[in-house]
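Bear in mind these aren't lab numbers, they're just calculated from the coordinates by the rules spelled out. None of the values given here were measured: they were computed from a predicted structure.
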């Protein structure tokens, strides 16, 4: 029988995963954004496999490397080769439904094509040894070795050490392990388009299994059928959006109502701007006088806000491309939401790549930028108005440290305590503060800052 010259089945999708991972590592882009353009033309099955491999390797990269290095004493000569070996190791150790021999064969075939026969023989020996031994963890007697904990949960040492200073050990472990889980997908119903009960029924009839959010009636968690929801006609018609429920409490802190001038200062993709309108609709308010400027720095992001506005039917939203450090507005706003660029450490389940690109120095730099943005935002606020400063991070450097510094330099502002309709468990030090791993929600922080109607003289 003639030997086939074709590569083993599945090689194309695995090779694509490898190339996406190489590009992500060099560019620092978010995988979610890369998938949108890189997976066109693949079948749903192959696209899901590529996503699974890429996200799994990013989450478990350090533990994968630990297992690789146990077998490779002389090191791996090439980082691109190491990444390809990670593709094989992840399939062997973490991916159910893929036989070890198939993972070895497909990986070795790609190595042979990309690097040559010698490296293919090396890869074959390494992967077979890993398949034989199975997944191995760093020894951690007494479960108190932070370096071993960092390896076994696949996090940088500095991150584990930093969180160890802020969390009890049991909570630290829980947070680290949950960072490697798939984040739940939440949807927010649009009462402007359809009643919640009707939307729930429509999605259920399509095959989507939903669990109502226990804290906010406009939200539900997708238990099963996320792929169906993404393709649902109801989504295309504006019946719902994808958004974590923490956004609801951020909007609650802002306390926006029709008749006010509102600026969403870092708005893309526009989810919180839309939420402000939908909250007003749910309260039975006339939103015809509710004008919201949804601003962002890049025009590509403005297009996303425009797309959301058209889909949801929110003509009251006004997308504006603007640099907050040189704002084009002369008028003052009654309400301003500043969802500031941040480390994303509160949403590592959704953006696992962030853990490998961050350093303590980068977080310090982000905190400096956040202070600058908050100062500029304050100049745009009308007397008696309110700013909500928010980040998808729970780190003190990006949260309370920024707020304390701002209040020390701006005595005309005061911290508005988190409202009573925000769950008490999510309120700390007068702010919305959700630490990752505490709940099913994203890690998040938000603080409301009120400006006196009669502004006090600045301290010297």
### Task
Using only Cα atoms, tell me the angle between helix 360-378 and the longest principal axis of the chain; keep it within 0 to 90° and round to the nearest 10.
20 degrees
### Summary
Taking Cα atoms only, helix 169-178 is inclined relative to the longest principal axis of the chain by an angle, in degrees rounded to 10, of 80 degrees
### Query
Based on DSSP, what percent of beta bridges with both residues in the chain are antiparallel, to the nearest 5?
60 percent
### For the range 291-311 and the range 337-401, distance of Cα centres in Å
20 Å
#### Entry: Pairs of Cα atoms farther than 24 Å apart, the range 130-282, %
53 percent
### Summary
Using alpha-carbon positions, the gyration tensor of the range 337-430 gives root eigenvalues a ≥ b ≥ c; with a/c under 1.5 called rounded, otherwise prolate if a/b exceeds b/c, else oblate, the class is oblate
### Summary
Summing -39500 (n - 2.57) over every DSSP H run of at least 4 residues in the chain and dividing by its residue count gives a helix-only mean residue ellipticity at 222 nm, to the nearest 500 deg cm²/dmol, of -14500 deg cm²/dmol
### Summary
Measuring from the longest principal axis of the C-alpha atoms of the chain, the long axis of helix 11-27 (C-alpha) lies at a number of degrees, nearest 10, equal to 50 degrees
### Identified option (computed percent of Cα pairs over 41 Å apart; candidates [x] 32; [y] 39; [z] 25)
[z]
